[in-house]
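> Got a structure here, written out as structure tokens. Questions coming.
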Amino acid sequence: MSPDKMVHMANQIATFFDSQPGEAAEKIADHIRDFWEPRMREQLLGYIREGGDGLKPVVQEAAKRL
């Protein structure tokens, strides 16, 4: 998928879980583990290794838990 679409999707997930009780980073990580295929997760991790431009900080924190 395009990096822009991936960033948009990850940030949408973060926006949703930021509004829920509990720790958002853990819930985001759980969601990505459950619903993103391995290639998508690896793309996200690679994007973060390259700087993660545009990703919310909580997404970057969640990625550490993948």
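The values are calculated or read from the model by the stated rules, or taken from the named source; none is laboratory data. Bear in mind that the values here come from a model prediction, so they are computed numbers and not experimental data. For neighbour counting, all protein chains shown are included, and Cβ atoms are generated from backbone atoms with ideal geometry for every residue, glycine included. Side chains are part of the model used for accessible areas, which takes the heavy atoms of the whole protein and leaves out ligands, DNA and RNA. Shrake-Rupley method; radii C 1.70, N 1.55, O 1.52, S 1.80 Å.
> May I ask you to list the lysines whose Cα is less than 16 Å away from that of Lys64, ignoring any residue fewer than eight positions away on the same chain?
Lys27, Lys56
> With Rg and Dmax of the Cα atoms in Å defined as stated, name the option among [x] 15.1, 50; [y] 12.5, 38; [z] 10.6, 31 computed from the structure displayed.
The listed entry that was calculated here is [z].
> Leaving out ligands, DNA and RNA, what percent of the accessible area of the chain is carbon and sulfur, probe 1.4 Å?
53 percent
> To continue, here is another question. Where only protein heavy atoms count, and the probe is 1.4 Å, what is the accessible area per residue for the chain in Å²?
Using a 1.4 Å probe on heavy atoms only, each residue of the chain averages 62 Å².
> What is the sum of charges, Lys and Arg at +1 and Asp and Glu at -1, for the other residues whose Cβ falls under 13 Å from the Cβ of Lys27?
-4
> Let me ask something else. If you place +1 on the Cβ of every Lys and Arg, -1 on the Cβ of every Asp and Glu, and leave all else neutral, what size is the dipole of the chain about its Cα centre, to the nearest 20 Debye?
It comes to approximately 100 debye.
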